[in-house]
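Data block below; observations after.
The values are calculated or read from the model by the stated rules, or taken from the named source; none is laboratory data. Computed from a prediction, not measured in an experiment: that's the story for all the values here. Note that we place each Cβ from the backbone using ideal geometry, even for glycine, and neighbour counts take in every protein chain shown. Only protein heavy atoms, including side chains, enter the accessible area calculation; ligands, DNA and RNA are left aside. Shrake-Rupley method; radii C 1.70, N 1.55, O 1.52, S 1.80 Å.
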Amino acid sequence: MKCFLIASESAEVLFYWTDPEFQQNVQEKYGASQEEGQGLPAFEDSVSTLFAPIIISCSTMVDRLSDSYTSFTTENNHIYVLQKFDECLYIAVNGDGEESENDMRRKVYVMKKLIEVLFGMVTLSSNLLRKELRPQDTAQRVRLWKHLQSLLETYSHLRDNDQSFLVEAVERLIHPTLCEQCIEFLERRLVQQLNSSVERAGEEVLHAFILVHTKLLAFYSTRSASRLPTSDLLTLIIMAQSMYPSNADLDDPVPEVEDADSHSHSTTPKMLVSMAEDSLQTLEVPPPDPSTPRRVFLEISGKDRPYPMMPHSMYCLPLWPGITLVLLTKIPTSALAISVYKILDAFDQLEKRLSESQEGSAAPRGTPNIHDIRGKLDKLIKTLSAQLQNVWTEFKNRAFARGGSGFNKDLIPWCKNMKTQLCGIYRQYFLIDSGPADIPQRLSPALQERAQTMAIELDPVNLTYLEDFPGLVHFICVDRFSDQMIAPSLSIAERTTSELGKGPVAQFIKNKVWNLVSTMRCFLRKGYSTVTLRDGDFYFCYFLWFENENGYKLEAGDIPILPDDSAPIGMLAWDYYRKLLRYKSKNHQGEVVKCYELLTVHLGVIPTEIILQHCRQLASKLWEPSRNPLL
């Protein structure tokens, strides 16, 4: 019994997803029509009717009290989680007990992140976002909602089954020889050829990477590319998995490998990985046309500051079942996107300063910024839109003219109007146009040629942690500076075997690990960086610590306590660990501060001193350099 809804303040449905049980329950309650062509609209009306009282009461409380409830539980133990972003209300419902309130809140924030990546700065205008999420054309709306539903289902599946999405960090396949060959192939046979082509229509490939299921095999970035944030990379992996679903326990081949010196994860039988010319035809589900890129909006690092939600084109091409190539390109008009964002941010800052100033008084700051960009605005706006130019002229008359109102609260509506117009320009230039589609068409010959010459045998080396650390059941170690994680495989399928066995045994351990991560996040929110606890036959440990770039441990100090209404800890909801590193770096000026996490599960019969010794040795062994003990 699950449901997810995005609605406007007027209870208009902007997006919904339900599982079959919830849909059946609603249909039985409201008698939704099942006639051909009427099922979807009728059910959508039923969903609107069901949630209208909740939406209206939430909006009323915000208007009258400037606050509202964020969750509640009904008599039949259905949990409702609500989160308002501007004028859109996100509601997650669970009635089967499979999701906790924290899981549901995390899903709400992840959905917001997915929408930001799909729609960019349009999300900064509630009016425009409502139009994008609910197109007037019914067929277009159905296609969009199915796409969003697929992304939501994909994320939920990965969160419940994939360790990298459990801790929200990137998991790499560490095999030096294969990685080197793949990176060389990406650089010389793909990126350089594509970027030097006269037919690229102004596009430039910035990043290219190969995924094996959700794991990163090889990643290449050009010199002109900025760092791809982990939150964006994880979102792209969700999108790739949504386009080309794969199951690491069922698909063959599954090149989960490790190098003897890498202390990495996972073991599989000896296998041969090859990419064949007919690989696209081996997929059970017909894939999307790779010649149609998807527009995505990602953060880039500028010379002076980061710029969020900048337009890129994403090309996703399956090489083999479970193996996917992803290209990210910079579009020709990306410089315009930066200019629009700078202007939009200036008006946003001005609006905040005007709102904070006393009624009727002029804003002490904000005017110099607008004055500085006034000349640039005049030149830029003339080339964009006549309507935007009219709004800008009216703004200037009110702000700068002698008879105008000046910089006070009366100018706030015109700041909002300017922001809406700029978001509209952004939508017109970057959201509607899908860009040229010749890159994937020219990829195929290169890939096919490579497929005919590439046959790499992967010989995984068995992990020895069960022998080196007797009583250690499982561990997850995360480098929060690079957002990479290491963990043994945790396969629960009957046909595959991990270090923990298979079937019910692995499932039991998996549930323990998932519960441990949830518990540790609760303690981390309260400012605890070290936690040990006993749960029946198991002993759990969690450590968060800091090191400098030379591997020497720094004093942990106090970890900030998060308020109850803050976003969930992780990378997709918000970059908690980046903020934590900035907080820690204040006391270590001139040093590069790194952050690590270690979670371990031991058998409860192991003495505590042995468990702590294992944790010290494991922490120093997994990440190099790390010459100091953990505790």
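Within segment 560-582, count every residue that is assigned to a helix (DSSP H, G or I) and open to solvent by less than 100 Å² (accessible area, probe 1.4 Å).
5
Yes or no, residue by residue, for (1) at pLDDT 85 or above; (2) part of a helix (DSSP H, G or I); (3) over 30 Å from GLY202 (Cα atoms):
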{"position": "ASN390", "(1), (2), (3)": "yes, yes, yes"}
{"position": "ARG402", "(1), (2), (3)": "no, no, yes"}
{"position": "PHE407", "(1), (2), (3)": "no, no, yes"}
{"position": "GLY424", "(1), (2), (3)": "yes, yes, no"}
{"position": "TYR429", "(1), (2), (3)": "yes, yes, no"}
{"position": "ILE439", "(1), (2), (3)": "no, yes, no"}
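Among the residues of segment 530-547, are any open to solvent by 30 Å² or more (accessible area, probe 1.4 Å) and more than 29 Å from LEU490 (Cα to Cα)?
Within segment 530-547, the first condition is being open to solvent by 30 Å² or more (accessible area, probe 1.4 Å), and the residues that meet it are 530, 532-537.
Filter once more, keeping what is more than 29 Å from LEU490 (Cα to Cα): none.
No, segment 530-547 contains no residue that is open to solvent by 30 Å² or more (accessible area, probe 1.4 Å) and more than 29 Å from LEU490 (Cα to Cα).
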(Q) Given the criterion more than 13 Å from LEU325 (Cβ to Cβ), at pLDDT below 50 and not in a loop (DSSP other than H, G, I, E, B), identify the matching residue among LEU233, LEU272. (A) LEU272
**Q.** Residues of segment 586-606 that turn out to be open to solvent by less than 60 Å² (accessible area, probe 1.4 Å) and at pLDDT 90 or above, as a count
**A.** 13
Q) Does segment 101-124 contain at least one residue that is of a type outside the set (A, V, I, L, M) and part of a loop (DSSP other than H, G, I, E, B)? A) no
Q. Considering segment 208-221 alone, what residues qualify as being touching a residue at least 40 places away in the same chain (Cβ under 8 Å) and either assigned to a loop (DSSP other than H, G, I, E, B) or open to solvent by 10 Å² or more (accessible area, probe 1.4 Å) (or both)?
A. HIS213, THR214, LYS215, LEU217
**Q.** Selection count where residues are of a type in the set (Phe, Trp, Tyr) and either at pLDDT below 90 or touching a Leu at 6+ places or on another chain (Cβ under 6 Å) (or both), scope segment 316-344
**A.** 1
Q | Flag for VAL47 being among the hydrophobic types (A, V, I, L, M, F, W, C), in contact with a Phe, Trp or Tyr (Cβ under 6 Å, 6 or more places away or on another chain), assigned to a helix (DSSP H, G or I) and without any contact (Cβ under 8 Å) to a residue 60 or more places away in the chain | A | yes
Q: Pairs only if they're at least six apart or on different chains, beta carbon under 7 angstrom, first in segment 542-556 and polar (S, T, N, Q), second not in a loop (DSSP other than H, G, I, E, B); list them, first residue then second.
A: ASN548/LEU554; ASN548/VAL593
Q | Test: GLU256 is at pLDDT below 90, farther than 16 Å from ARG172 by Cα and in contact with a Ser or Thr (Cβ under 6 Å, 6 or more places away or on another chain) | A | no
Q: Test SER126 against the stated conditions and say whether it is hydroxyl-bearing (Ser, Thr, Tyr), at negative phi, touching an Asp or Glu at 6+ places or on another chain (Cβ under 6 Å) and surrounded by fewer than 23 Cβ atoms within 10 Å (Cβ to Cβ).
A: yes
